[in-house]
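Asks: Below is one structure. I have some questions about it.
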Amino acid sequence: MGKPTGFLECKRELPAYSPVVVRIKDHKEFVQSISKIKVEKQASRCMDCGVPFCHSGCPLGNNIPDFNDMVYKDNWKAAYKILASTNNFPEFTGRICPAPCEASCVLAINKEATAIELIEKNIIERAYQEGWVKPNIPLLRSNKKVAVIGSGPAGLAAASQLNSAGHQVTVFERSNRIGGLLRYGIPDFKLEKALIDRRLEVMRAAGIQFKTKLEVGKNMPLDRVLNDYDAVLLSGGSTIPRDVEVKGRNLKGVHFAMDFLRQQNERNAGDRIKKEEAILAKDKHVLVIGGGDTGSDCVGTSIRQGAQSVLQIELLIQPPNGFNPATPWPQYPAILRTSSSQEEGCEREWSVLTKAFVGDDKGQLKGVKLVDIEWENGSFKEIEGSERELPCDLAFLAVGFLHPQLDGLINDLGIDLDERKNVKTKKYQTSKAGVFAAGDMRRGQSLVVHAISEGREAARKIDLYLSGSSVLESKENSLISVVD
């Protein structure tokens with residue numbers, strides 16, 4: 001590395017957030033900028049560790065020490081080329097990835113990890129500013145056409161890769177806008193949607209076609225897609241939410257988390273929401289059931305809408321604060337984390353079970369019955385005398401997703417499913433020849449960075465299927481060419 005002693009001389013430093021009282025007034029990103037010099041100093045902390053475990057920690061297999069070294073040496077263009085060789089969308093992962101690479105950083109054994117996500121985000125933003133992000137237009141076009149169904153991170157990554165291999169790619173999206181989970185599931189204060197539009201402009205200029213308001217199997221005939229395209233990729237995500245089966249579940253005011261988040265993103269985009277369908281937290285006591293990222297996003301959105309109070313509960317026990325022997329380095333540690341949204345004014349409780357929702361005589365939610373539980377050998381029991389009823393006007397279910405939507409496209413294709421009702425594949429190909437699957441639809445609900453990796457790997461398998469060989473990069477055989 002350029003500076004082997006950098007980690008001894010420089011402490012980890014991240015950009016500041018806008019003050020809570022300021023940032024909750026709107027839905028804009030609130031992470032402040034950091035100087036180029038400070039980013040280069042952070043890159044100098046990437047130590048000469050011998051075996052860079054961050055490679056395997058990153059689902060994309062990013063060549064992290066190499067782009068860190070280039071940033072430290074003020075060769076940002078080379079850093080961008082290294083990063084872009086394995087990651088199609090660093091502007092997304094640099095903002096919303098939980099950075100498993102940092103958990104497996106060798107420096108993290110006894111010090112704070114290298115600020116990889118910060119460096120990644122600054123590389124791609126510098127690349128856009130300098131005009132280095134250009135359409136990847138292939139020199140030669142094949143006569144093959146590929147339909148990508150679903151425009152989330154897996155579908156977009158696959159489309160980008162397949163287009164670069166020379167195939168004509170059309171992306172079908174049933175919603176009004178392209179982006180899938182990135183567009184409708186991630187709040188604007190974490191990922192402003194202009195960033196997606198910026199990337200889509202580059203992809204369109206490269207030759208990728210996007211078609212919105214078309215749901216294959218409904219207003220877009222499935223037979224037409226199968227006949228018109230040489231290969232099809234299913235990348236529709238895991239969209240069926242897990243429910244909570246308790247008394248009062250059907251009361252007005254109990255919603256799935258994604259319905260709430262999607263509606264706010266649509267509102268931010270200027271879409272009109274019918275008054276009778278609006279889900280708003282203003283002046284309400286809000287309960288968020290589920291302690292993960294989706295629940296945290298509901299917390300931040302509720303606070304920005306003016307909730308009177310927000311309580312987030314988790315069925316599982318509170319994780320340890322700091323080191324967890326159950327997940328030692330280089331694993332991603334199961335430890336207590338506090339998100340920026342939770343810092344904005346949320347109460348949190350663990351080992352809590354929802355017993356019932358309580359309504360008024362008009363069927364409107366007005367309260368919730370909770371009880372504390374204790375865990376033993378993988379099961380739990382209620383703690384006697386801990387049941388209580390709290391005021392609750394709005395409850396969001398953020399307890400994960402079960403599987404993709406089966407009605408329609410998947411059932412019409414008649415393809416095999418696995419035991420979890422996800423699409424079953426072999427080398428990303430389904431039981432129907434020429435039809436592939438990637439992302440949450442194939443592996444189950446996961447991280448955006450996993451979805452991008454899935455899309456890239458599926459694209460390589462589709463290219464092999466269509467052409468007999470492929471020069472597309474995979475995690476196992478990244479092809480890097482650094483040109484100053």
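The values are calculated or read from the model by the stated rules, or taken from the named source; none is laboratory data. Please read all numbers here as calculations on a predicted model, not as lab measurements. Cβ atoms come from the backbone with ideal geometry, glycine included; neighbour counts cover every protein chain shown.
Asks: Quick one: which of A257, A269 is touching a strand residue (DSSP E or B) at 6+ places or on another chain (Cβ under 8 Å) and modelled with pLDDT of 95 or more?
Replies: A257
Asks: Hey, among the residues in segment 104-156 that are polar (S, T, N, Q) and more than 15 Å from F67 (Cβ to Cβ), which one's surrounded by the fewest Cβ atoms within 10 Å (Cβ to Cβ)?
Replies: The qualifying residue surrounded by the fewest Cβ atoms within 10 Å (Cβ to Cβ) is N110.
Asks: Against the conditions (1) part of a helix (DSSP H, G or I); (2) over 17 Å from M203 (Cα atoms); (3) aliphatic (A, V, I, L, M), where does L60 fall short? Just the number, please.
Replies: It is condition (1) that L60 fails.
Asks: Restricting to segment 200-215, and then to whatever is within 23 Å of L226 (Cα to Cα) and among the aliphatic types (A, V, I, L, M), can you tell me which residue is surrounded by the fewest Cβ atoms within 10 Å (Cβ to Cβ)?
Replies: Looking at residues that are within 23 Å of L226 (Cα to Cα) and among the aliphatic types (A, V, I, L, M), I get L214.
Asks: Restricting attention to segment 1-39, report how many residues are more than 26 Å from S339 (Cα to Cα) and modelled with pLDDT of 95 or more.
Replies: 1
Asks: Out of (1) in a helix (DSSP H, G or I); (2) aromatic (F, W, Y); (3) in the same structural domain as Q429 (by TED's automatic domain parsing), the odd one out for F260 is which?
Replies: The failed condition is (3).
Asks: Given the conditions (1) at pLDDT 95 or above; (2) in contact with a Leu (Cβ under 8 Å, 6 or more places away or on another chain), report the number of the one that I116 does not fulfil.
Replies: The failed condition is (2).
Asks: On to the next question. Taking S386 as the residue in question, decide whether it is among the polar types (S, T, N, Q), buried (at least 17 other Cβ atoms within 10 Å of the Cβ) and without any contact (Cβ under 8 Å) to a residue 60 or more places away in the chain.
Replies: No.
Asks: Go through segment 398-477 and tell me which helices (runs of 4 or more DSSP H), entirely inside it, have 1 or more residues that are basic (K, R) and crowded, with 18+ Cβ neighbours inside 10 Å.
Replies: Of the helices (runs of 4 or more DSSP H) lying wholly inside segment 398-477, those with at least 1 residues that are basic (K, R) and crowded, with 18+ Cβ neighbours inside 10 Å span 440-443, 448-467.
Asks: Just checking, does segment 331-350 include any residue being more than 30 Å from E112 (Cα to Cα), in contact (Cβ under 8 Å) with a residue 12 or more places away in the chain, in a strand (DSSP E or B) and among the charged types (D, E, K, R)?
Replies: no
Asks: Which residue is surrounded by the fewest Cβ atoms within 10 Å (Cβ to Cβ), if the candidates are limited to segment 180-199 and must be within 25 Å of Q32 (Cβ to Cβ) and of a type in the set (A, V, I, L, M, F, W, C)?
Replies: Among them, the one singled out is A194.
Asks: Please go through segment 1-45 and pick out each residue that is in a helix (DSSP H, G or I), surrounded by fewer than 15 Cβ atoms within 10 Å (Cβ to Cβ) and touching a residue at least 40 places away in the same chain (Cβ under 8 Å).
Replies: The answer is V20, K36.
Asks: Yes or no: I24 of a type in the set (A, V, I, L, M, F, W, C), touching a Lys or Arg at 6+ places or on another chain (Cβ under 6 Å) and closer than 29 Å to D297 by Cβ?
Replies: It is true that I24 is of a type in the set (A, V, I, L, M, F, W, C), touching a Lys or Arg at 6+ places or on another chain (Cβ under 6 Å) and closer than 29 Å to D297 by Cβ.
Asks: Given the residues G207, G185, G236, which is the only one that is at positive phi and modelled with pLDDT of 95 or more?
Replies: Selected residue: G207, the only one of G207, G185, G236 that is at positive phi and modelled with pLDDT of 95 or more.
Asks: If you check every pair at least six apart or on different chains, which have Cβ atoms under 6 Å apart with a residue in segment 302-319 that is under 20 Å from E382 (Cα atoms) first and a residue that is of a type in the set (F, W, Y) and assigned to a strand (DSSP E or B) second?
Replies: E314/W350; I317/W350; I317/W375; Q318/W350
Asks: Select from segment 416-447 the residues that are over 23 Å from the mean Cα position of the chain (by Cα), within 14 Å of L406 (Cβ to Cβ) and of a type in the set (A, V, I, L, M) and list them in ascending order.
Replies: Residue satisfying the conditions is L417 alone.
Asks: Right, something else. Within segment 300-326, which residues are surrounded by fewer than 19 Cβ atoms within 10 Å (Cβ to Cβ) and out of contact with any strand residue (DSSP E or B) (no Cβ under 9 Å at 6 or more places or on another chain)?
Replies: G306, P320, N321, G322, F323, N324, P325, A326
Asks: Within segment 188-227, can you find the residues that are more than 25 Å from F260 (Cα to Cα) and of a type in the set (S, T, N, Q)?
Replies: Result: Q209, N219, N227.
Asks: For segment 363-384, how many residues are in a loop (DSSP other than H, G, I, E, B) and farther than 30 Å from K284 by Cα?
Replies: Of the residues in segment 363-384, 2 are in a loop (DSSP other than H, G, I, E, B) and farther than 30 Å from K284 by Cα.
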